[in-house]
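The values are calculated or read from the model by the stated rules, or taken from the named source; none is laboratory data. Being a predicted model, the structure only gives us computed values, none of them experimental. Because the Cβ atoms are built from the backbone with ideal geometry, glycine has one as well, and the counts that use them run over all protein chains shown. These area figures cover heavy atoms from the full protein model, side chains too; ligands, DNA and RNA do not enter into them. Shrake-Rupley method; radii C 1.70, N 1.55, O 1.52, S 1.80 Å.
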Amino acid sequence: MPELVDAYLEWRYPPSEYTASTSTSDTNASRSTSRPHSNHPASQNSPAAPHATSSPSPRASSPSAVTSGTSTHRPLASAPSSPPEINLGESATPSAPPAVSVHAQSSPDTPEVDQETRVGEYDFTIDVFNIQTLQQSVRIRCPAEMTSGAKALVLHGYLGTSPLKPSLAIALETLEHLRRIRLFSASYSVEAFTKLLCYYYNITYRRRFRLAVADAFDIYLGILRAVRSRVRTALAEDSPNWRVLNACPACAFELEDEPSLRWSRMFCLDGNNSLKRMAPTEKHKRGDMRVLDDSDYFFSQEYVDSFAHEVKSRGQPADANDSEDDEGTPADAVPDDSPLASCTRNWKAAAGEAKKKMWGIFDESGIFASACPHGLILWLADMVKSGELAKYPLSMTAKALEVFEGAHLEAYDIGCSYGETIRRSRLGAEFKRRHCRSCVNAFHGYTHNIACQCTHHPNVIDGMGLEDMETLERIFSASNHLASITRYATPYRRRLFIKQFFQQWDDDKYANLSQHIYDRLVQANDIITTEALPLAEMMALNHVNLATVHHWYKEEREYFETLGKELPWDVHAMAYVEALQALQVAQENFNNSNGEFLASVPDGYQFLPPSDSPILDYNKEASRTRRLETEKRIRREHLQSAEHEVAVLEVQMGIAKRWQASDPEYMSTVRYVSQRKYHRALDKLQGLVVQRLFELHKLNLQHTGKRCKAIRNAVKTYNAAAAALDPPRPTVDWERVSHYSFLEEFSLLHDTREDVRKKPWATSTGREIIRRSRRIERAREQVVRSCVEARRLYSSIADENARFTRVLETLTKENSPVLGPVLDYIGRRTTANAHHLVRLRQIEALSAFDGKLKCGRRKGSEADSAPSQPPTASLPVVAEPDEDDDLAETEPDDAEGDIGGLVDYISST
């Protein structure tokens with residue numbers, strides 16, 4: 001592989017092109033954007049081949065290639081001592097190729113061989129696929145000392161389909177064309193591309209062609225990975241954790257003397273089961289045994305498994321074929337009687353259902369990912385033959401505690417219960433010492449109970465700004481397109497395709513970083529502008545100040561935390577009263593049975609000795625007497641059991657005198673039991689109404705009719721339970737429960753100990769004040785964060801520009817072979833930075849932006865490392881986008897629009 005990498009660099013970046021004198025430092029930066037082919041594929045995940053075109057050139061004749069059809073890049077040296085191992089057989093050539101002119105066209109990228117040049121002794125001809133030129137074969141010149149036919153092919157711009165004796169070669173630019181397509185259409189398969197080649201060549205598609213292209217493409221990607229590794233080394237970007245510490249400047253490039261932020265880093269966690277991989281059958285287990293273990297995206301399985309037993313599985317049935325029996329989920333640390341239990345109940349049910357549908361046929365059942373709010377990936381982990389076990393998010397948390405400094409915030413679908421999981425793991429002490437915390441995502445948070453939302457929803461967390469933390473939902477919406485090409489791939493290729501996808505995703509998100517900051521700042525400013533004045537008027541009208549509103553926050557949270565909880569005394573008192581009621585019923589039943597038995601004794605009873613004379617109704621009387629005796633005996637046993645149970649409870653509860661129906665304790669407990677029936681009726685009604693409203697929202701009207709009948713029955717049950725209370729609770733009717741506004745009253749109706757609706761924060765006006773106040777607080781936090789992020793991005797561009805200049809000077813002096821790919825990387829990066837500077841100037845012009853943009857010094861850097869001049873002095877000038885471009889850039893894509901619009905709607909109500 002190293003010799004192929006060297007040959008690729010020599011072919012792609014001829015030394016003559018990169019050894020020209022670069023006397024001034026600014027030419028190093030400008031040359032990278034002015035070169036005609038500055039799109040190196042390995043140094044940047046972007047379309048790269050400098051000579052490739054997206055459509056084939058028309059066939060033409062070339063007089064200089066009449067006899068040989070030679071396609072060379074440059075003259076090579078003389079004869080090797082032994083011939084390269086090249087098979088000139090026809091077994092893998094395209095079947096029945098169309099007839100072509102003997103004047104075959106040579107590659108437009110390579111100079112044609114002088115006809116006077118003597119054909120080398122070991123030159124060879126090989127059949128090729130070249131989507132640009134549609135050549136069928138080329139003549140490869142073999143230099144004197146070259147013993148590798150594969151290297152000779154690469155030097156001519158082709159890659160053999162086998163390492164030793166290839167009979168078919170694929171043009172590197174054709175492979176690059178495939179790579180470019182897959183960067184932006186993840187589901188595009190090698191088979192589809194091979195069929196396209198066959199269509200251009202007018203030959204019948206054969207499976208062997210796909211295998212040949214797939215093998216060559218695999219090697220080509222390996223070459224590009226090696227080149228990218230050399231580029232990272234040259235740019236000093238190969239240190240451990242360099243990517244997560246530098247990929248997103250808005251998150252990571254902390255400056256000295258910048259305003260303090262509540263959370264030094266924020267990121268979200270989530271799992272996705274779309275990128276499964278089928279387990280191979282016994283006869284297909286041999287094959288590609290490579291492992292992609294050098295990726296800075298993926299965690300090793302050993303690292304993930306080190307957190308496997310931090311949480312034990314609880315409440316799951318044993319399964320002999322299940323490898324995760326003793327491994328817990330992120331929700332298993334929450335006890336069943338916790339207020340958070342209802343938040344995780346649906347999540348666990350959904351996870352269990354997904355697990356049932358896997359049938360155990362997948363080796364990797366998906367990926368678990370983490371990403372920053374701006375969309376750049378932090379880490380990935382394969383979920384191996386399991387669902388979302390606790391070890392996956394715990395491994396991400398452990399790595400964050402290791403790499404990041406200060407307090408960080410993690411958002412997860414079940415972040416409320418996951419916080420308890422962290423606390424009970426070995427990470428708990430450090431997590432608490434650093435004042436880190438977990439929360440739920442904005443959209444998923446609205447499915448959690450109200451007590452959870454008052455503590456863990458982004459809308460109520462200080463320092464969150466306007467981030468919804470639903471980033472991974474948008475990411476997975478895009479990465480799901482990979483499923484069709486990873487489902488049956490080898491482990492190595494699956495990881496390789498996933499890594500390539502997320503590398504390109506990160507490049508795209510970096511290019512959009514300034515736009516993200518701009519949009520958030522504009523959004524925050526609009527909220528403050530439109531809602532601050534109405535809020536101030538409402539507060540003045542109701543004689544409320546900011547301190548009162550903050551007190552309402554606390555009172556609301558405390559109220560919902562205790563709502564629905566049964567005190568220990570209430571539970572025992574309820575059991576005692578129920579035992580007393582059972583005793584009373586048993587006593588009444590026994591008395592009735594005993595009375596019936598005594599009543600069966602006839603008046604003037606006299607003992608009669610046995611007689612031979614027949615008694616007509618003896619059998620009937622005997623049967624009746626036995627039945628009454630049996631009933632009396634059973635009732636006596638029930639009475640004795642009830643008396644024993646009451647006596648035991650009285651001893652345990654220390655009750656010296658048995659409660660009577662007229663005692664206050666007895667009466668209050670009876671009332672409490674009635675309230676429990678009311679709660680149950682209300683819970684059932686609430687669940688049915690929520691289901692119906694969501695169905696109407698999704699227009700699933702075919703299910704609504706049946707549920708309407710169930711709701712009407714639930715309304716009747718609720719009204720009966722409400723009327724049984726003292727004092728009676730308000731009843732409801734169908735018209736009332738069929739509107740969204742009724743949902744807001746469910747949490748308040750649950751309180752039967754006091755009329756919470758009379759509290760100021762529970763009134764409609766108080767709720768609106770709380771909502772707007774929180775919204776404005778988050779918007780003001782976002783203004784501060786966006787200004788900080790803009791300065792971080794501006795400073796990082798200046799710092800990066802200075803670093804690039806130093807690296808280019810060094811590589812130029814050393815005449816390094818990686819100078820070409822480094823220039824390409826810098827060129828594309830500089831183009832993105834130039835657009836960032838345009839957007840940053842627009843951010844600076846906003847009224848919400850505080851102060852001026854200026855370069856700062858990164859925390860932990862050397863004292864003289866901060867650039868003294870703004871980066872625009874040495875970066876290319878890009879025309880500012882017009883208004884239409886601005887509108888186009890701010891329009892969200894389909895996935896972001898669907899989720900973002902729904903989150904905005906919910907959070908604004």
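Please indicate, with yes or no, whether at least one residue in segment 721-731 is modelled with pLDDT under 75 and of a type in the set (Ser, Thr, Tyr). The answer is no, given that none of the residues of segment 721-731 is modelled with pLDDT under 75 and of a type in the set (Ser, Thr, Tyr). In segment 113-133, the qualifying residues are those that are in a loop (DSSP other than H, G, I, E, B) and open to solvent by 40 Å² or more (accessible area, probe 1.4 Å), and the one that is modelled with the highest pLDDT is Tyr122.
Every residue, every condition in (1) out of contact with any Leu (no Cβ under 7 Å at 6 or more places or on another chain); (2) hydrophobic (A, V, I, L, M, F, W, C); (3) open to solvent by 20 Å² or more (accessible area, probe 1.4 Å), yes or no:
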site: Arg792; (1), (2), (3): no, no, no
site: Ser796; (1), (2), (3): yes, no, no
site: Glu800; (1), (2), (3): yes, no, no
site: Arg829; (1), (2), (3): yes, no, yes
site: Arg839; (1), (2), (3): yes, no, no
site: Ala845; (1), (2), (3): yes, yes, yes
site: Asp850; (1), (2), (3): yes, no, yes
site: Arg857; (1), (2), (3): no, no, yes
site: Glu862; (1), (2), (3): yes, no, yes
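For Leu496, the criteria (1) in contact (Cβ under 8 Å) with a residue 12 or more places away in the chain; (2) open to solvent by 30 Å² or more (accessible area, probe 1.4 Å); (3) farther than 16 Å from Ala371 by Cα hold in every case but one, which is (2). Flag: Thr625 does not match the condition of being closer than 30 Å to His456 by Cα, assigned to a helix (DSSP H, G or I) and modelled with pLDDT of 75 or more. Inside segment 392-414, can you point out the residues that are among the acidic types (Asp, Glu) and open to solvent by less than 10 Å² (accessible area, probe 1.4 Å)? Glu410 - this is the single residue of segment 392-414 that is among the acidic types (Asp, Glu) and open to solvent by less than 10 Å² (accessible area, probe 1.4 Å). Restricting to segment 230-244, name every residue that is surrounded by 15 or more Cβ atoms within 10 Å (Cβ to Cβ) and in contact (Cβ under 8 Å) with a residue 60 or more places away in the chain. Arg230, Val231, Ala234, Leu235, Val244, listed by residue number. Please tell me if Ala573 is of a type outside the set (Phe, Trp, Tyr), modelled with pLDDT of 75 or more and either under 30 Å from Arg624 (Cα atoms) or open to solvent by 70 Å² or more (accessible area, probe 1.4 Å) (or both). No. Under 8 Å by Cβ, and 6 or more places apart or on different chains, what pairs join a residue from segment 463-482 that is of a type in the set (Val, Ile, Thr) with one that is open to solvent by 30 Å² or more (accessible area, probe 1.4 Å)? Listed pairs, sorted by first residue: Ile475/Trp505. Filtering segment 645-674 down to residues that are of a type in the set (Gly, Ala, Ser) and in a helix (DSSP H, G or I), which residue is surrounded by the most Cβ atoms within 10 Å (Cβ to Cβ)? So the residue we want is Ser674. Before we move on, is Leu811 under 19 Å from Arg232 (Cβ atoms), buried (at least 22 other Cβ atoms within 10 Å of the Cβ) and more than 29 Å from the chain's Cα centre (by Cα)? No: the conditions fail for Leu811. Note on segment 419-472: enclosed helices (runs of 4 or more DSSP H) holding 3 or more residues that are within 19 Å of the chain's Cα centre (by Cα) are 442-445.
The residue pairs whose first member lies in segment 279-308 and is outside any loop (DSSP other than H, G, I, E, B), whose second member is among the β-branched types (Val, Ile, Thr) and at pLDDT 80 or above, and whose beta carbons are closer than 8 Å, counting only pairs six or more residues apart or on different chains, are Gln301/Val384.
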